[in-house]
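S.K.: Structure incoming, see below.
The values are calculated or read from the model by the stated rules, or taken from the named source; none is laboratory data. Predicted, not measured: the structure shown is a model, and the values here were computed from it. Cβ atoms come from the backbone with ideal geometry, glycine included; neighbour counts cover every protein chain shown. These area figures cover heavy atoms from the full protein model, side chains too; ligands, DNA and RNA do not enter into them. Shrake-Rupley method; radii C 1.70, N 1.55, O 1.52, S 1.80 Å.
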Amino acid sequence: MSFRWGVAGPGGIAARFADAMTTVDDGDIVAVASRSASRADAYGDRFGIARRYGDYAGLAEDRDVDIVYVATPQSRHVDDALLYIEAGKHVLCEKPLALNARQAQQMVDAAHAAGVFLMEAIWSRFLPSYVALGHLLADGRIGEPLFVEADFGFRTAVDPAARHFDLALGGGGLLDLGIYPVQLSTLVLGLPDRISADGVIGATGVDEQVAAVLHHPGDRMSVVKAALRVPMACTARIAGTDGWIGLPAFMHCPTWLDVGALGTVDRIDAPYEGDGLRFEVLEVHRCLNEGLRESPGMSLAESVAIAGILDTIRAQIGLVFPGD
Ligand SMILES: NC(=O)c1ccc[n+]([C@@H]2O[C@H](COP(=O)([O-])OP(=O)(O)OC[C@H]3O[C@@H](n4cnc5c(N)ncnc54)[C@H](OP(=O)(O)O)[C@@H]3O)[C@@H](O)[C@H]2O)c1
């Protein structure tokens, strides 16, 4: 079957999503919703989408939409996702799933009650490089992984009106960028049992630098970092008892992996054509075709747990969102 997608929030990532959808055979974007009719029209014109809504509720009432891609700022994810879930639509929601674990759990409970699919759009998990990473770890290529380090940061000009610097929209480096190092940590080492974090809160109230040390059961550790005011290497390393795996920049979407041991480094290529967002779309389709209501690759329990890790880090660095 061919899936009919709606897009809520025709901004930057939604444009990339539309490009990615052109390379997917069994799905199309058939409708778009914006707060403004003219922005919905602009997106519709650009990507050839016939049905345009000048409010988010119109898309919820569209009976010919199966799945909604929620691509609004994180502060809106809970309300937007609930709107579509309660209308019986499957939802792929941009990361982070919500502003905090309480909202994330509310979304999960609603999806369970409505019997619809829900997934946080951590696209990394479905890329060829992350699939290769899973095989390397499962095959014991580096022995037992004990240590994960990852960083993600860009220099961004401070602009109080921009999403990244707007506390009310859930701005800051941690939720926008830091979530990728955190999801690598939980992918490889599972959930932490202790977290120690520090950060720098800037003039607009959001975190501009943050670092956290996560201790995992079994004496394993991760170090995660994010920044809005400095370019970071945006790489990651996983150290195991018999070697290490390097994820080159950008660590959330690498096209190869380095596998090192005893002075040797092997390169594992994992290239892909076009926009890598299509792999998460294919995963949504696969799950729906198999009757699944969540993806084993990015489970809802893990998404709620990641939201909880971000909550703990935020509490330690004093990053509080309105309505938290
Ligand atoms: N997967 C990735 O690689 C990736 C990359 C970038 C961002 N993201 C995630 O995607 C989401 C959107 O990010 P983006 O960079 O696309 O943001 P963006 O360019 O600012 O677009 C967000 C869209 O949301 C809509 N919106 C609804 N309420 C809004 C409000 N109160 N303020 C501002 N916009 C509002 C706006 O459309 P209308 O005004 O037309 O309704 C806007 O175009 C975020 O959750 C972010 O973390 C993911």
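S.K.: Return the total of residues in region 231-248 being open to solvent by 60 Å² or more (accessible area, probe 1.4 Å) and over 24 Å from Ala132 (Cα atoms).
M.R.: Looking only at that region, the number is 1.
S.K.: Quick one: count up the residues across region 118-171 that are small (Gly, Ala, Ser) and away from the ligand (no atom under 11 Å from the Cβ).
M.R.: Qualifying residue count for the region: 9.
S.K.: Is it the case that some residue within region 60-70 is small (Gly, Ala, Ser), in contact with a helix residue (DSSP H, G or I) (Cβ under 9 Å, 6 or more places away or on another chain) and assigned to a helix (DSSP H, G or I)?
M.R.: Within region 60-70, one or more residues are small (Gly, Ala, Ser), in contact with a helix residue (DSSP H, G or I) (Cβ under 9 Å, 6 or more places away or on another chain) and assigned to a helix (DSSP H, G or I).
S.K.: Would you check if Thr241 is among the polar types (S, T, N, Q), within 17 Å of the chain's Cα centre (by Cα) and at pLDDT 95 or above?
M.R.: The answer is no for Thr241.
S.K.: Quick one: would you say Glu273 is modelled with pLDDT under 95, closer than 30 Å to Phe3 by Cα and not small (Gly, Ala, Ser)?
M.R.: Against the criterion (modelled with pLDDT under 95, closer than 30 Å to Phe3 by Cα and not small (Gly, Ala, Ser)), Glu273 qualifies.
S.K.: Taking region 57-75, which residues are open to solvent by 10 Å² or more (accessible area, probe 1.4 Å) and closer than 13 Å to Leu118 by Cα?
M.R.: Selection gives Asp66 alone.
S.K.: Now, a different point. Report yes if some residue within region 76-86 is open to solvent by less than 10 Å² (accessible area, probe 1.4 Å) and outside any helix (DSSP H, G or I); otherwise report no.
M.R.: no
S.K.: Within region 116-126, can one find any residue that is in contact with a Lys or Arg (Cβ under 9 Å, 6 or more places away or on another chain) and over 22 Å from Gly190 (Cβ atoms)?
M.R.: yes
S.K.: Still on this model: Scan region 227-238 and give yes if some residue there is assigned to a helix (DSSP H, G or I) and in contact with a strand residue (DSSP E or B) (Cβ under 9 Å, 6 or more places away or on another chain), otherwise no.
M.R.: no
S.K.: Can Asp109 be described as over 18 Å from Arg293 (Cβ atoms) and more than 8 Å from the ligand (Cβ to nearest atom)?
M.R.: No; evaluated as a whole, the condition is false for this residue.
S.K.: Any idea which of (1) assigned to a loop (DSSP other than H, G, I, E, B); (2) open to solvent by 60 Å² or more (accessible area, probe 1.4 Å) is the one Val200 doesn't satisfy?
M.R.: All conditions pass for Val200, except number (1).
S.K.: Moving on. Give me a count of the residues in region 1-59 that are among the aromatic types (Phe, Trp, Tyr), within 13 Å of the ligand (Cβ to nearest atom) and part of a strand (DSSP E or B).
M.R.: Total satisfying the criteria: 1.
S.K.: Go through (1) within 21 Å of Met119 (Cβ to Cβ); (2) out of contact with any Lys or Arg (no Cβ under 8 Å at 6 or more places or on another chain) and name the single condition Glu280 misses.
M.R.: Among (1) within 21 Å of Met119 (Cβ to Cβ); (2) out of contact with any Lys or Arg (no Cβ under 8 Å at 6 or more places or on another chain), Glu280 violates only (2).
S.K.: Sticking with this structure for a sec: Restricting the search to region 251-275, which residues are over 19 Å from the mean Cα position of the chain (by Cα), charged (D, E, K, R) and in a loop (DSSP other than H, G, I, E, B)?
M.R.: Glu273
S.K.: For region 277-324, what are the residues that are surrounded by fewer than 18 Cβ atoms within 10 Å (Cβ to Cβ) and not in a helix (DSSP H, G or I)?
M.R.: Glu290, Gly291, Leu292, Arg293, Pro296, Ser299, Gly318, Val320, Pro322, Gly323, Asp324
S.K.: Go through (1) under 20 Å from the mean Cα position of the chain (by Cα); (2) open to solvent by 40 Å² or more (accessible area, probe 1.4 Å); (3) of a type outside the set (Asp, Glu) and name the single condition Phe17 misses.
M.R.: (2)
S.K.: Let me ask another. Could you tell me whether any residue of region 61-69 is under 30 Å from Asp269 (Cβ atoms), within 12 Å of the ligand (Cβ to nearest atom) and not polar (S, T, N, Q)?
M.R.: So far as region 61-69 goes, yes, one or more of its residues are under 30 Å from Asp269 (Cβ atoms), within 12 Å of the ligand (Cβ to nearest atom) and not polar (S, T, N, Q).
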